[in-house]
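Here's the structure we're looking at; comments come further down.
The values are calculated or read from the model by the stated rules, or taken from the named source; none is laboratory data. As the structure is a computational prediction, the values presented were derived from the model and not from experiment. The accessibility values were calculated without ligands, DNA or RNA, using every heavy atom of the protein model including side chains. Shrake-Rupley method; radii C 1.70, N 1.55, O 1.52, S 1.80 Å.
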Amino acid sequence: MVYIVEDEASILELILYALNTQNIQAKGFQQPSDFWKAMREEIPKAIVLDIMLPQEDGLSMLRKIRDDAGTRTIPVMMLTALGSEFEKVKGLDCGADDYLAKPFGIMEMLARVRVMLRRTDSKFNSDVITIDEVTICYSKRNVTYNGSPITLTAKEFDILYLLMASPERVFSREELLSHIWGYTYRQGESRTVDIHLNTLRQKLGKWGKRIKTIRGIGYKLLENPLPDIPQI
């Protein structure tokens, strides 16, 4: 189930129609009060939340979602007509998983919702994952190495969480593009994945050598690596 909070009826109807045509169950709310009432009855797998709303703004609602232990891990995508970088940063700092500025393409919105729903699969249920020196917390969106914080971009964080949630599994570049960026592979875009992985390795220092390139396929995280792992 996906909850959509959007006060513009035409946009809300379009999103609901698009989700339903893809066999994704969804409920829409124009008033925050109706949303909170529904939250007491059923917890959704993902939320699409507009920022500019009557009664209560979306950022305030997002903070409440993240402060509640029962809802803090629900993936949330923010919708807004405010396209400034400042508004985007505010949303991400409050704990948003994704951000989409209006006007948006309906296919892009669907792809991003699918990414959020994949994150709620059973293999990604752990909020905190620790592998030796590195700990990642999904709800707080932070990573530590030997207790010290590491600053990652949103995409680097999502890549690391995906790899740590399934160590030893090989992820193709196509899978990473689909999981993290929310769209299917197009020729030439594998470079985007490679650049992010290389930067992530550098930020993780010695531990980053666990992220191994599988030539011609993609990447995997070694759970129990040998010392001084050579990079391919």
Percent carbon-and-sulfur accessible area, the stretch 1-71, ignoring ligands, DNA and RNA, probe 1.4 Å: 46
Extended-chain gain in nm, criterion 0.36 nm per residue less alpha-carbon gap, Thr151 and Ala69: 27.1 nm
